[in-house]
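The values are calculated or read from the model by the stated rules, or taken from the named source; none is laboratory data. This structure is a prediction, so every number in the text was calculated from the model and none was measured. Neighbour counts are summed over all protein chains in view; Cβ atoms, including those assigned to glycine, are modelled from backbone coordinates with ideal geometry.
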Amino acid sequence: MLLSMDLSEFHSWSLEDRAAAVRKRGTFLGTAAQDGYTHALYHLDGFFCELWYCPVSSEIKLALGFTDSRMLEPYLKDIELPYF
């Protein structure tokens with residue numbers, strides 16, 4: 001696996017490879033529930049990524065990378081940033 005990647009490269013990988021990269025190298029930030037899925041938010045190599053987990057099938061159905069901060073809204077109420 002590469003040391004660093006960009007968003008377009010990330011999306012060129014298979015679902016399994018994207019999910020593995022996120023779990024191995026991503027920084028977990030929080031979860032949200034929507035449309036029957038649990039979404040886990042990670043930060044990875046300069047972008048964010050959601051892993052969509054289906055509780056019925058116990059499978060990851062989507063690994064979506066993004067940089068648009070509006071997509072962070074479902075997570076903001078539960079994320080606590082440290083004060084310095």
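Tabulated data for the structure shown
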{"quantity": "Pair list, Cβ < 7 Å and 6+ apart or interchain, from segment 26-44 residues that are surrounded by 15 or more Cβ atoms within 10 Å (Cβ to Cβ) and part of a strand (DSSP E or B) to residues that are at pLDDT below 90 and of a type in the set (Asp, Glu)", "calculated": "Gly30/Asp78"}
{"quantity": "Yes/no for Pro82 being at pLDDT below 85 and either more than 10 Å from the chain's Cα centre (by Cα) or surrounded by 10 or more Cβ atoms within 10 Å (Cβ to Cβ) (or both)", "calculated": "yes"}
{"quantity": "Count - residues of segment 47-82 that are touching a Ser or Thr at 6+ places or on another chain (Cβ under 8 Å) and outside any strand (DSSP E or B)", "calculated": "3"}
{"quantity": "Check on Asp17, over 16 Å from Leu76 (Cα atoms) and at pLDDT 95 or above", "calculated": "yes"}
{"quantity": "Members of segment 45-84 that are more than 19 Å from Ser8 (Cα to Cα), without any contact (Cβ under 8 Å) to a residue 24 or more places away in the chain and among the aliphatic types (A, V, I, L, M)", "calculated": "Val56, Leu76, Leu81"}
{"quantity": "Hits in segment 3-25 (condition: surrounded by 13 or more Cβ atoms within 10 Å (Cβ to Cβ), out of contact with any helix residue (DSSP H, G or I) (no Cβ under 8 Å at 6 or more places or on another chain) and within 25 Å of Val56 (Cβ to Cβ))", "calculated": "Leu15, Asp17, Ala19, Ala20, Val22, Arg23"}
